[in-house]
Structures are given as C-alpha cells and as structure tokens.
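Asker: Before we start, here is the structure in question, set down as structure tokens.
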Ligand SMILES: NC(=O)c1ccc[n+]([C@@H]2O[C@H](COP(=O)([O-])OP(=O)(O)OC[C@H]3O[C@@H](n4cnc5c(N)ncnc54)[C@H](O)[C@@H]3O)[C@@H](O)[C@H]2O)c1
C-alpha cells in the first residue's frame, strides 16, 4: 500500500477548508484544487502552493492524484464522485451524499466494483463525544430507547439563498432540496447512527419565510426498527436562531445534545428497574467517560481517507452509511408529496 495519499479537491467554498487540511495532514499531500471560479481557484492554489485546474475532467486525468474530495453543490455530489471513481481515484464527498438514493446506489456499486474507498464527510463523525453517546445508547445507559427527537431551528436570510456558485443553487430543488436535505442532514445522520435503522416515516413540509423552490421547514415522524419513535424538525426560518438539539429518551434515562455538546445525561444506576416500575424515581448524573470513544479516531476526513487508503482501515462514514440519511430525508419528502407514510426498504 502507498505510504502517502495525493489529494485533489473540487469546489472551493467548504472545500477550501479541506484543502487546507490536506496540506497539513501527515501522510497526505495536496496536489491540485479544482474550481470553475478563477478567483477561488487561483487564490487557493497560490496560498497553498499547488496547482489550480479549472476543468474537473482535467483533474481526473492526472495520474499523480489518488483521492478526490467533492465540494460542489449538493445535487452534483454523486455525479462528481462517480466520475472520480470511474477515473480510478478513491473519493469522498461532503454531505449530503446526494439528493436521491438512486445516485448513491450507483456510486456505491462503482466503488465496490473497483475496490476503491468511498466516504461521506460528516464532521460530527469525528467528534469523540458523539461516539461515546452512540456507545452509551448501545450499551443500555438509557434502558430501552423510546423517543429520539431532533430540532434544528436555524435562521437563514433570503440573501443566504443567493450566495454560492452556480448562483442561487441553495434555493433550488435540483441542487439543494431544502432545510432537511442540506442543513438537517448533519443531525439526521447522528440520529440514525445513534438509534439505528428506520422502518417508516411520515412527513410535512412547506416554504414559509423565503422565496425559494425548496422547503424551509420540514417535519418527519419516524418509526425506528428498535421500536422507538422519533420526531425530526428542521427549519431555516427560526428567528432568532436556536441551533440544534437532539434528545434521546429511554425508560432509564435521557441524553440531550445541543450544538455538538452533551447538555444532559441522567438516569438510574444499578438494578433500579425502569420507568413504570418506580414509585418515585431518582435521576442521577451519568458520565460519558464510562463509554470510551475509539482511541485512534481520525480528527477529520482527510486523516480518515489517508488512513483508509494507506492502511486499509474502515472510514467513519462509508457510502452505505452516508446513503442512510439520504434515504431518510427522501422518504420524508416522498411522504409530504404523496400524503402517506413511507416505508424504508
Ligand atoms: N460543515 C460542512 O460539512 C459543510 C459546510 C458548508 C457546505 N457544505 C457542503 O459543501 C457543498 C458546497 O457548499 P459551499 O457552501 O461550499 O458552496 P459554494 O457555492 O460556496 O461552493 C461550491 C463551489 O463549487 C464550484 N463548482 C461548481 N460547479 C463546478 C464545476 N462544474 N467544476 C468545478 N467547480 C465547480 C463553485 O465554483 C464553487 O466555488 C454543499 O453540498 C454543502 O452542503 C458542507
């Protein structure tokens, strides 16, 4: 296996941060950046001491690039990732993996057929506390999980939807899809990671405060296979912005998480039984320190891809895992469109 991974990054909005990381990560080397906008491409190239390539196909033709990171608008993610895989490169895309599971499936199949690494870049997957929460839930700290609720109450101005390139992509169905697919997907990924597979969803959505094609408020009611129920609210209309909160409730305790921080972890210890059996339950503070995170957790996607390609280690969120949040928001949207609950296969 190679002892160095040579990266090319396409799309230099958020991608600029990952290009910066590729320059600083041991075992990684940034070879080129790609963007059709000269002001972004030329600036990044001169600041990072690499080449700027305007044409994506020209970057894919380069033999000195092993891995491509995709940071184009959301509806283009799998098109760009698939093309990278077809050119024989390992590839990752920023969130969401794409806007439809059909495109995710084709991309996963290509990576499988070629034996290439495919990953989806969710920052939350590199936060050790999020791993501890997953371990605590899996380890039974909350007892039987009953309710998982996610409330993402963000504010985005009308002007926000005009930013980015191609101009206005954040406001269009084909390239962004809405608050659940674009912003909410970070937290949908966490909810499904922590609580497991989803059996069915019912949805409602609308466009309330912006002149955009996509929704700015979506709600999903979720049945988890493990028997729990979930409520997902995502919006960019909340004023003032209230951030994001996830609460996981079980019959022996609750975890509450807000903006990447644990804000409450309480329950019962020992043989105290569970809710319904208690006369006067006493909740005690529980500690996440009892649930270790992986010791070798990479700090970000560049380190994760570098390790996967040089050592064969699994990535934090591979294509199949990244597809799950797409399947969930797509099912919410289908339910909204068709006015009926939608089952996930
Ligand atoms: N925290 C996160 O993980 C995070 C944060 C922000 C954005 N994102 C994701 O990153 C993606 C891009 O968002 P952004 O805010 O950077 O948008 P942006 O519009 O600022 O950047 C997109 C870039 O892609 C370039 N581009 C578009 N088409 C291209 C093409 N054919 N060839 C080469 N370059 C092309 C554009 O010129 C632009 O510079 C979105 O999917 C978004 O969801 C993730």
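Each reported figure results from applying straightforward, stated rules to the coordinates on display, with no laboratory input. Values in this document were obtained by computation on a predicted structure and should not be read as measured data. Here Cβ is always computed from backbone atoms with ideal geometry, including for glycine, and neighbour counts include all displayed protein chains.
Asker: With each pseudo-label sitting 7 Å past Cα toward Cβ, what's the residue 239-residue 289 distance in nm, one decimal?
Answerer: For the pair residue 239/residue 289, the computed spacing is 4.5 nm.
Asker: In a GNM of the chain with a 10 Å cut-off on Cα contacts, which of 61, 218, 141 has the highest mean-square fluctuation?
Answerer: Highest fluctuation of the listed residues: 61.
Asker: In Å and on Cα atoms, what radius of gyration and Dmax does the chain show?
Answerer: Answer for the chain, Rg first and Dmax second: 20.9, 70 Å.
Asker: Another one. Nearest 10 degrees is fine. How inclined is helix 15-24 to the longest principal axis of the chain, computing both from alpha carbons?
Answerer: Once rounded, the angle reads 80 degrees.
Asker: Along the principal axes of its C-alpha atoms, what lengths does the range 127-294 span, in descending order and rounded to whole Å?
Answerer: Ordered largest first, the range 127-294 gives principal extents of 58, 30, 28 Å.
Asker: Cα axis of helix 101-114 to longest principal axis of the chain: angle in degrees, 0 to 90, nearest 10?
Answerer: Here the helix axis deviates by roughly 60 degrees.
Asker: Between residue 231 and residue 147, 0.36 nm times their residue separation minus their Cα-Cα distance comes to what?
Answerer: Additional length available on full extension: 29.4 nm.
Asker: Which residue fluctuates most in the GNM of the chain (Cα springs below 10 Å): 117, 222, 263?
Answerer: 263
Asker: So, R0 is 41 Å and r is the distance between the beta-carbons of residue 23 and residue 269; what FRET efficiency does that work out to, to 0.05?
Answerer: On the way: r = 47 Å, r/R0 = 1.15.
It comes out at approximately 0.30.
Asker: Here is a follow-up. Expected output is a single nm value to one decimal: the length gained when fully extending between residue 109 and residue 129, i.e. 0.36 nm times separation in residues minus the C-alpha distance. What is it? Please list the in-between numbers first.
Answerer: Details: separation 20, 0.36 × 20 = 7.20 nm, distance 3.19 nm.
Fully extending the segment from residue 109 to residue 129 adds 4.0 nm.
Asker: Relative to the longest principal Cα axis of the chain, at what angle does helix 185-195 sit, 0 to 90 degrees, rounded to 10?
Answerer: 50 degrees
Asker: Under the 0.36 nm per residue contour assumption, what length would be gained going from the current alpha-carbon distance of residue 174 and residue 58 to full extension?
Answerer: 39.2 nm
Asker: Compute the separation of the alpha-carbon centres of the range 1-33 and the range 100-157 and state it in Å as a whole number.
Answerer: 23 Å
Asker: Residues of the range 139-156 with backbone nitrogen within less than 13 Å of a virtual label 7 Å along the Cα-to-Cβ line of residue 208, please, listed as ranges.
Answerer: Output list for this probe position: 152-156.
Asker: Now, a different point. Starting with the fewest neighbours, write out 205, 7 ranked by other beta-carbon atoms found within 10 Å of each beta-carbon.
Answerer: 205, 7
Asker: Arrange the peptides 287-294, 69-76, 144-151, 236-243 so that the one whose residues have, on average, the most other Cβ atoms within 10 Å appears first.
Answerer: 69-76, 144-151, 236-243, 287-294
Asker: Test of understanding: in a Gaussian network model of the chain with alpha carbons linked when under 10 Å, which of 270, 168, 139 would top the mean-square fluctuation ranking?
Answerer: Its mean-square fluctuation being the largest, the pick is 270.
Asker: Based on DSSP H runs of at least 4 residues, each adding -39500 (n - 2.57), what is the mean residue ellipticity at 222 nm of the chain after dividing by all its residues, to the nearest 500 deg cm²/dmol? List each step's numbers first, then the result.
Answerer: On the way: 9 runs with 103 residues, N = 345.
For the chain, the value works out to -9000 deg cm²/dmol.
Asker: Compute the distance in nm between two label points, each set 7 Å from the Cα along the Cα-to-Cβ direction, one at residue 199 and one at residue 320.
Answerer: Placing both labels 7 Å beyond Cα along the Cβ direction yields 2.2 nm.
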